[in-house]
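The block underneath contains the structure these notes are about, expressed in structure tokens.
The values are calculated or read from the model by the stated rules, or taken from the named source; none is laboratory data. Source: prediction; values computed, not measured. No Cβ is skipped: glycine too gets one built from the backbone with ideal geometry, and neighbour counts run over all protein chains shown. Remember, those area values only see protein heavy atoms, side chains included, never the ligands or the DNA or RNA. Shrake-Rupley method; radii C 1.70, N 1.55, O 1.52, S 1.80 Å.
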Amino acid sequence: MEQNHESTAATMKDVAERAGVSTATVSRALTHPEKVSPSTRLKVEQAVIDTGYTAHGATRTARRSDSRLLLVIVPDICDPFFSEIIRGIEVTAAAEGYLVLLGDCAHQNQQEKSFLNLMITRQIDGMVLLGSDLPFDTQQDEPRTLPPMVMANEFAPELGLPTVHIDNLTAAFEAVAHLQQLGHRRIACIAGPDHMPLCHYRLQGYIQALRRSGIAVDPTLIVRGDFSVESGARALEQLMSLPQPPQAIFCHSDLLALGAMKQAKQRGLRIPQDLSLIGFDDIELSHYSDPPLTTIAQPRFAIGREAMLLLLEQLQGKNVNNGSRLLDFEIKLRGSTAAPASGSRPR
């Protein structure tokens, strides 16, 4: 029979019984996880979550109220897009006396994600998620084991969290519309990973802009990347090798666009005379490419700040409604887009 952990604090013995190991093994798994097998460590960590156990007899509420620690889950700490969002979070958090820890989803294996569960349930006051990939299973974890959470940049309505982001579909629509207004008809799309909701919205914006202009969607002009410079370069090669290559390309991120620009130049193409490129995000590097990159500017610092303010409201006991808080975007017109040159043909 399952214990009532709301009225009785779980003990290490409870964890041991749940995991089917000795209390000594539980102690080793919590204090020196490298000294137990991965399978045993996972069983102990799951038992801690299931029982609501907290070390040293401290209650979850007391530990969180004293820690003043916040966790930010970043899809990829190496992506420069996230730097300004994180700065917005940190500045806002520091003003209220909170310290921000960063968790990098891209460079964690499953065991490290499982260990992160322990840190969350025992020490973290709140979390900001910068992507839709979570380091825990929201279906298995009971609400009492999870701290208050807010999502920034992404939008995943199935998670039911307060969210701060831009309208990615409309922004993508306007980016493609800009290329169309310049006179481009054959417009390609270098898209981000299909499991990311924001990439779905950006792809829908691209498709809707084409259909609004009466242009049929050509699947060969849509290539997936992984938000890296390298994948942008590979996508460019694939697109320009088509029998009818594109005149312009809408990229789901600036890094993809910069990779495409680099590869286009290696092929002898002139930007924007032979090929127009538009990115997304307005990272610092987009100002310094040759030519500077036309892009969709996201208010990244404001996204971080507003997400942190929503989290602080929850930590102060206020009710915060789930759903979207939309911030404005802006098209930054620079040198990488222009009308197609008369008589020019991409090679």
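Can you find even one residue in the stretch 215-222 that is closer than 17 Å to Ala297 by Cα and out of contact with any His (no Cβ under 9 Å at 6 or more places or on another chain)? I'd like the intermediate steps shown before the answer.
Keep residues of the stretch 215-222 that are closer than 17 Å to Ala297 by Cα, which gives none.
No: zero hits.
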Among the residues of the stretch 299-347 satisfying the criterion of being under 23 Å from Ile73 (Cα atoms) and β-branched (Val, Ile, Thr), which is modelled with the highest pLDDT?
Ile303
Just one of the numbered conditions (1) closer than 24 Å to Lys332 by Cβ; (2) open to solvent by less than 20 Å² (accessible area, probe 1.4 Å) is not true of His200; which one?
(2)
Going by what's in this entry, would Arg64 be described as modelled with pLDDT under 90 and part of a helix (DSSP H, G or I)?
yes
Can you name the number of the only condition in (1) within 21 Å of Lys265 (Cα to Cα); (2) open to solvent by 70 Å² or more (accessible area, probe 1.4 Å) that Ser228 fails?
(2)
Please find, among Gln181, Gln208, the residue that is within 16 Å of Leu277 (Cβ to Cβ) and open to solvent by 70 Å² or more (accessible area, probe 1.4 Å).
Gln181
How many residues are farther than 21 Å from Gln298 by Cβ, assigned to a helix (DSSP H, G or I) and open to solvent by 10 Å² or more (accessible area, probe 1.4 Å) when one looks only at the stretch 248-276?
4
Residue tally, condition under 19 Å from Asp226 (Cβ atoms) and acidic (Asp, Glu), over the stretch 280-301
1
Going through the stretch 163-184 one residue at a time, which ones are in contact with a Ser or Thr (Cβ under 8 Å, 6 or more places away or on another chain), touching a residue at least 40 places away in the same chain (Cβ under 8 Å) and of a type outside the set (A, V, I, L, M)?
Thr163, His165, His178, His184
State whether the residues of the stretch 9-29 include one that is at pLDDT 85 or above, under 24 Å from Leu146 (Cβ atoms) and open to solvent by less than 20 Å² (accessible area, probe 1.4 Å).
yes
How many residues does the stretch 280-306 contain that are open to solvent by less than 10 Å² (accessible area, probe 1.4 Å) and over 23 Å from the mean Cα position of the chain (by Cα)?
0
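For every residue, the table says whether it meets (1) over 22 Å from Val128 (Cα atoms); (2) open to solvent by 40 Å² or more (accessible area, probe 1.4 Å); (3) in a loop (DSSP other than H, G, I, E, B); (4) in contact with a Lys or Arg (Cβ under 9 Å, 6 or more places away or on another chain).
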{"residue": "Leu242", "(1), (2), (3), (4)": "yes, no, yes, no"}
{"residue": "Pro246", "(1), (2), (3), (4)": "yes, no, yes, yes"}
{"residue": "Ile278", "(1), (2), (3), (4)": "yes, no, no, no"}
{"residue": "Met308", "(1), (2), (3), (4)": "no, no, no, no"}
{"residue": "Gly317", "(1), (2), (3), (4)": "no, yes, yes, no"}
{"residue": "Arg325", "(1), (2), (3), (4)": "no, yes, no, no"}
{"residue": "Ala338", "(1), (2), (3), (4)": "yes, no, yes, no"}
